[in-house]
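Worksheet: one structure, shown below.
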Amino acid sequence: MSTRSISVAVTGLGIVSPIGIGRDAFWRALCAGESGVRPLAAPVPRLAAQLPEFSPRDFIRSPHLRRADRVSRSIVAAVRMALDDARMADAAPAPERLGVVVGSALANVGESAQYLERLFTKGPALVSPMMFPNLVLNAPASYAAMEIGATGVNLTVSQGEVSGEQAIALGCDVVRAGRADVVVAGGGDELAEIVAAAYRDYRALSSQRGGAEWCSPYDADRNGLILGEGAAMLVLESAERARDRHAPIYAEIADYVSFGVPAPAYDWPARAPAAVAGLQAWLARCVGSPAEGGIDLVCGSANGSRRLDACEVDVLTRVFGEAAPQMALTSIKGAIGEFGAAGALAAVATCLGLRDGLVPPLCNLRHPPPDAPFHFARPTAEHRHMEHALMMSMARGGNSIALLFRCPRI
Amino acid sequence: MPCVVITGAGSINALGAGVEAFTEGLRNGRCGIASLTLFDGSSYRSSRAAEVRGLEAPAWLSRPIARRASRSDLLVAIAAREALAAAGLDGDADVGIAIGATTGGMFGSEEQYRRRLFDLPPLRRSVMAATLVSTSADLLASLFGCYGPRLAVSTACSSGGNALGIAADWIRAGRARAVLCGGVDSLCRMTFSGFNALQALDTVPCRPFDRDRAGLSLGEGAAMFVLEEREQAQARGATILAEFLGYGVSADAHHITQPRPDGAGALLAMQRALQESGVAADEIDYVNAHGTATPLNDVIETRALKTLLGARAYRVPVSSTKSMVGHCLGAAGAIEALACVVAMRGGFIPPTVNLEHPDPECDLDYVPKMSRTQAVCTVMSNSYGFGGNNTSVVLRASR
């Protein structure tokens, strides 16, 4: 148990998002209540939060990345931004003590579809040997290692809509177990027609349920999710190392808990009562009884889906009981859409929120759910004194994870 | 540091279903690589593969699950059930799941995609949803009621080894009472055509460390384990199959497909695994090599082993069980860790079959053609993946 008491510091942030490239652009747009959801030219999906045009070359230096795919370039750009932001200079770790952990549900899914199309229409002799290696899920993490010369731990995890959170949690474990001094952890995913088709098969898209097409997490009138894309990476190191090198610390990650709840196949559960006791016990160990108000902000994974958002509100209401009205609840998916690594972008928002004392807003929220006793910041960010923020997320299939962030202890 | 032990194992691959079939296959040096039947292989350079023949949903799977399960789902469920039964842990909610996988439900979803392209009647809608590698982990959770931490790790061909390492870390950190962990991958046209395009497939069953080796043979399968803390295992009277001593991970940071020529990444992973295990290089008495039979891998791995083991390298048996079960990609690390467990329990070294002509650059003792009766106590298993991912695990016989 000893290593779980080691606090992990977040000392660098890099982000490529539908509402802005880079930490400051993203944060400014998010706090102003902007949404990246726009109509697309393609028929499926009709609306999505797409990345704006940007030049990865502004960030990527390695010539080895000339053949890298679109997701890899987004992720590596975020890695580079995060590492630059952490200003290691003299305190840079040895290459073998620098690790990379990437979370991605599907990584280079757009080219996977193109590859299959070529395979089936032209035959195996005409598929590109250059393309195939880029389709492997860990291609982004490998390119990231090449870009920053990281010969340490290199891992890729894929866990549906909580891939980003799981990568950050695993990154914390790598730091705590002493497997690396510094880990760049987060994730990325891309929008593709084939992904939209898969969500459409399960009637998860906002456009399929009638009413206006929009993405409004927690809203009483929500009617489904809207897909997005992006990448975000966090520089993680032990809080002790960060303080020794006098690094600015955005936030510390105190601990995480990962668990499953019974869920229907390929869907979110409608309720998850089994999650409550475990979360309460874990929070009690970390910050004291949740009903006594140790947590100031919850950044959830709600995406506008009828099921997920209701389940999340139900679990949180039970976990926090009387403390709920003093807590802010938010989700940034109205701004960035839903995708495998969305949680990595939410983690960036959580860190910046703690740093600036700002609650990231629910940009589209019109009618807060009547059964949710929490405070909702909308349509723009609200100032609030905050010490502890909880990220709580759930993927289709019931895989769940909660990460506890806190203001740095000086 | 709590001692992590293996109390259950399950297996399915080209040598058959069950740990016993795997043991006998390895002992007899049976090569499971044959002509591809899963899909038409005639337009590929090679149509050899180590297939799991006659794979069907077992009777104990409910009809709805059997109908939606991908080929990977079936493989991993069969192996997981055997592992849980061996450990006597069925129905414990505080069990985590960590699987290594790269193809997920691709075998079904690529067919769905093909049908869409040619306007053919589609398969069930769930086929696309099962593409994600994590859906296999989700399925195991609901099948066996395991609601601890859950993770699918996908680091190409080192995925299985990393899944075991992460599971061991969870046990050590007290995140779960036990972890169901391992690796799974099924054959599919996407990976087959990819390795085919890279000219990485041999036209005959792969020949690791052979002078004439010309690439790998793809395989499929799953190996699953139950890991838990030793004192707990002893207290509940479980049979301890082996100790999981430690693992080491590194990245080449060199090239998207080619390993670093100097083998520094492979060496670092092995050194880290030994260090974490508290084992000296002198104590290793068997190495289950990555041994893909590609011209580059086998030379570089040999070189790294010589650096690690010094003059003793020539006396340590090193074999590639991929010569029998093919390269099972995300499952390889787990299948090969199981080959190590089987070797320790059975008192024999699994051979490198198909090795006919020694290569002057690969001059270690690769246990060619036939298994060797020999006591094995401390072993290392290497797994190297695309993108320069290196993982080594160290296991020890239970005392």
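The values are calculated or read from the model by the stated rules, or taken from the named source; none is laboratory data. Values in this document were obtained by computation on a predicted structure and should not be read as measured data. Because the Cβ atoms are built from the backbone with ideal geometry, glycine has one as well, and the counts that use them run over all protein chains shown.
For the reader, a short list of remarks on this structure follows.
- Region B:109-140, subset over 15 Å from B:ILE65 (Cα atoms) and among the small types (Gly, Ala, Ser), residue nearest to the other protein chains (Cβ to nearest Cβ): B:SER134
- Filtering region A:280-290 for residues that are within 30 Å of B:LEU139 (Cβ to Cβ), at pLDDT 95 or above and either of a type in the set (Asp, Glu) or not in a helix (DSSP H, G or I) (or both) leaves an empty set.
- Residue check for A:GLY337: closer than 20 Å to A:ALA167 by Cα and out of contact with any Lys or Arg (no Cβ under 6 Å at 6 or more places or on another chain): yes
- Summed over region B:89-105, the residues that are farther than 13 Å from B:ALA222 by Cβ, in a loop (DSSP other than H, G, I, E, B) and modelled with pLDDT of 95 or more give a count of 1.
- Unmet requirement for B:GLN234, which otherwise passes all of (1) within 19 Å of the chain's Cα centre (by Cα); (2) away from every other protein chain (no Cβ under 14 Å): (1)
- Flag for B:ASP73 being more than 10 Å from chain A (Cβ to nearest Cβ), surrounded by 18 or more Cβ atoms within 10 Å (Cβ to Cβ) and not in a loop (DSSP other than H, G, I, E, B): yes
- Hits in region B:173-190 (condition: surrounded by fewer than 24 Cβ atoms within 10 Å (Cβ to Cβ) and more than 8 Å from every other protein chain (Cβ to nearest Cβ)): B:ARG177
- B:GLY310 meets the stated requirement of being in contact (Cβ under 8 Å) with a residue 24 or more places away in the chain, assigned to a helix (DSSP H, G or I) and on the phi > 0 side of the Ramachandran plot.
- Residue in region A:94-116 that is without any contact (Cβ under 8 Å) to a residue 12 or more places away in the chain and acidic (Asp, Glu) present: no
- Some residue of region B:67-86 being over 30 Å from B:ILE166 (Cβ atoms), among the charged types (D, E, K, R) and modelled with pLDDT of 95 or more: no
- Looking only at region B:233-256, and only at residues there that are in contact with a helix residue (DSSP H, G or I) (Cβ under 9 Å, 6 or more places away or on another chain) and surrounded by fewer than 19 Cβ atoms within 10 Å (Cβ to Cβ), the one that is farthest from A:SER142 (Cα to Cα): B:THR239
- Of the residues making up region B:239-261, just one is more than 13 Å from every other protein chain (Cβ to nearest Cβ) and at pLDDT below 95, namely B:PRO261.
- Elements of type helices (runs of 4 or more DSSP H) contained in region A:92-179, each with 2 or more residues being in contact with a strand residue (DSSP E or B) (Cβ under 7 Å, 6 or more places away or on another chain), within 26 Å of B:TYR247 (Cα to Cα) and more than 7 Å from chain B (Cβ to nearest Cβ): A:139-148, A:163-176
- So B:ARG53, is it of a type outside the set (S, T, N, Q) and more than 25 Å from B:GLY333 (Cα to Cα): no
- Unique residue being touching a Lys or Arg at 6+ places or on another chain (Cβ under 8 Å) and not hydroxyl-bearing (Ser, Thr, Tyr) when the list is A:GLY171, A:GLY149, A:GLY110: A:GLY110
The rows are residues; the columns are (1) more than 14 Å from chain B (Cβ to nearest Cβ); (2) surrounded by 22 or more Cβ atoms within 10 Å (Cβ to Cβ).
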position	(1), (2)
A:ASP219	yes, yes
A:GLU229	yes, yes
A:GLU237	yes, yes
A:ARG243	yes, no
A:PHE259	no, yes
A:ALA265	no, no
A:PRO269	no, yes
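- Selection status of B:LEU227, at pLDDT 95 or above, touching a Phe, Trp or Tyr at 6+ places or on another chain (Cβ under 8 Å) and not in a loop (DSSP other than H, G, I, E, B): yes
- Given (1) in a loop (DSSP other than H, G, I, E, B); (2) under 20 Å from A:GLY186 (Cβ atoms), index of the condition A:ALA347 fails: (1)
- Filtered residues of region B:141-165 (kept if in contact (Cβ under 8 Å) with a residue 60 or more places away in the chain, within 12 Å of B:ALA98 (Cβ to Cβ) and facing another protein chain (nearest Cβ under 7 Å)): B:SER154, B:ASN162
- Positions within region B:275-290 being surrounded by fewer than 23 Cβ atoms within 10 Å (Cβ to Cβ) and part of a helix (DSSP H, G or I), in sequence order: B:GLN275, B:GLU276, B:ALA281, B:ASP282, B:GLU283
- Any hit, region B:262-270, residues being part of a helix (DSSP H, G or I), more than 11 Å from chain A (Cβ to nearest Cβ) and in contact with a Gly (Cβ under 8 Å, 6 or more places away or on another chain): yes
- Scan of region B:336-352 for residues that are in a helix (DSSP H, G or I), crowded, with 18+ Cβ neighbours inside 10 Å and not β-branched (Val, Ile, Thr), ordered by number: B:GLU336, B:ALA337, B:LEU338, B:ALA339, B:CYS340, B:ALA343, B:MET344
- Evaluation of A:ALA212 against the conditions (1) closer than 24 Å to A:LEU329 by Cβ; (2) modelled with pLDDT under 90; (3) within 11 Å of chain B (Cβ to nearest Cβ) shows that the sole unmet condition is (3).
- Scanning region B:353-391 for residues that are of a type in the set (S, T, N, Q) and assigned to a loop (DSSP other than H, G, I, E, B) gives B:ASN354, B:SER371, B:GLN374.
- All of A:ALA341, A:ALA402, A:ALA323 fail the test of being within 23 Å of A:ASP24 (Cβ to Cβ) and either among the β-branched types (Val, Ile, Thr) or touching a residue at least 12 places away in the same chain (Cβ under 8 Å) (or both), apart from A:ALA341.
- Qualifying positions in region A:378-410 - assigned to a loop (DSSP other than H, G, I, E, B), within 30 Å of A:LEU170 (Cβ to Cβ), under 21 Å from the mean Cα position of the chain (by Cα) and away from every other protein chain (no Cβ under 14 Å): A:ALA381, A:MET386, A:GLU387, A:CYS407, A:PRO408
- Residues being on the phi < 0 side of the Ramachandran plot, surrounded by fewer than 24 Cβ atoms within 10 Å (Cβ to Cβ) and in contact with a Gly (Cβ under 8 Å, 6 or more places away or on another chain) - total across region B:130-147: 2
- On inspection, A:ASP201 fails the criterion of being within 14 Å of chain B (Cβ to nearest Cβ), among the acidic types (Asp, Glu) and under 29 Å from A:GLY12 (Cβ atoms).
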